[in-house]
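Q: Here it is, the structure, as structure tokens.
None of the figures in this text is laboratory data; all of them are computed from the coordinates on show. Everything numeric in this text was worked out from a predicted model, so none of it was measured. Neighbour counts run over all protein chains shown; Cβ positions are idealised from the backbone, glycine included.
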Amino acid sequence: MRNIKFINFIWLILAWLFIFSCDTKIGQTKVPVFDGQRAYEYLEKQVSFGPRVPGSENAARCREYFISFFDSLGISSDTMQFIHNSKQSGKPITMINVIASFDPDDKNISKRYLLAAHYDSRPRAEYDANPDKREDWIDGANDGASGVAVLMELANLFVSQNPQIGIDLLLLDGEDFGRPGDLDEYFLGAKDYIKRDIKGKYEFAVVIDMIGDSDLKIYREEHSNKYSPEITDLIWNTAAKLGETVFVDSVKHAIYDDHLSFMTIGLQSAVIIDFDYKYWHTTHDNADKCSAASLESVGRVVTELMYGL
């Protein structure tokens, strides 16, 4: 009888250890590995369509590429069309945002988060060293394609390992359409999106822009740091945890970007951006100025951030 009790006791201990082990594994969130080289290939592919100026055939072909990409992952995407009347030409220009949504397995989880980047490239190169090229369209490899490339690789990860939160990836059109000093024609895709009854939909938004520079240094952005300090702290603390030294823990620039549009509806928002880019708004903003390592540094931080939620 004593041996039977001892054996039952051992089985009880083993069962308890098994349950504890299962609970521990369930509680852990697997963080997949962000592939910077694959993200770089997405950057190159966008640039291969030519400058993605709003309303252009290049932009339309690139959008089809995005939709095909999400389809290949089994993720439905949607397009949101709006019309902007150009101040320069006086003509209406059709612009289109693209959004892809990822839902948690547990339908009782209601929290959603927004990750955004613009895919359009600038219709002028006003800071080009060559005066004859200052009205030329630009490739926008860093200023546009880099942020989208990170979102595309994140989509791969979200499909391979569900982060168990709701996430929308928003590819914005018309961010960089305006002329210097006239904010009315900037951030057009974000300005349209906030009109679409999204107030209260998201816990926070993160905008990713100009993060492909081979010489990457990302400082806290002043507006993000002042008006959305919790989100900004979360990003930089995550970078510090991972040892990503391209994230510099000090404020340097106050930047107008899509995150400010989101802030106007009370959505806590931060932008991840390297504004010290010497090829900004020139015809030299090409893929060879960007690197897979830079995309991977930012991608690792955002991946850790989202799976940590």
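Q: Output needed: percent of Cα pairs per 10 Å distance bin for region 133-257, bins running from 0 to the one holding the longest distance.
A: That works out to 10, 34, 42, 13, 1, in percent per bin.
Q: Please get the size of the charge dipole for region 34-308, origin at its Cα centre, with Cβ charges of +1 on Lys and Arg and -1 on Asp and Glu, quoted in debye to the nearest 20. Before the final figure, lay out the partial values.
A: On the way: 28 positive and 46 negative charges, 106 e Å.
Computed about the Cα centre, the dipole is about 500 debye.
Q: Grab the alpha carbons of region 34-308, take their convex hull, and tell me the volume per residue in Å³. Intermediate results must be reported in sequence, preceding the final value.
A: On the way: hull volume 32.7 nm³, N = 275.
Spread over its residues, the Cα hull of region 34-308 gives 119 Å³ apiece.
Q: Please compute the modelled spin-label separation between VAL33 and SER250, points set 7 Å along Cα→Cβ, answer in nm with one decimal.
A: 3.5
Q: Any idea how far apart GLU57 and ASP71 come out in nm if each label point goes 7 Å out from Cα toward Cβ?
A: In this crude label model, GLU57 to ASP71 measures out at 2.1 nm.
Q: Which of LYS87/LYS195; LYS30/LYS278; LYS107/LYS241 have a Cα-Cα distance over 29 Å? Don't skip to the end; give the middle numbers.
A: Details: LYS87/LYS195 21 Å; LYS30/LYS278 38 Å; LYS107/LYS241 31 Å.
In this structure, LYS30/LYS278; LYS107/LYS241 lie more than 29 Å apart at Cα.
Q: Related question: Take each of the peptides 142-148, 184-190, 196-202, average the number of other beta-carbon atoms within 10 Å over its residues, and list them starting from the highest.
A: 142-148, 184-190, 196-202
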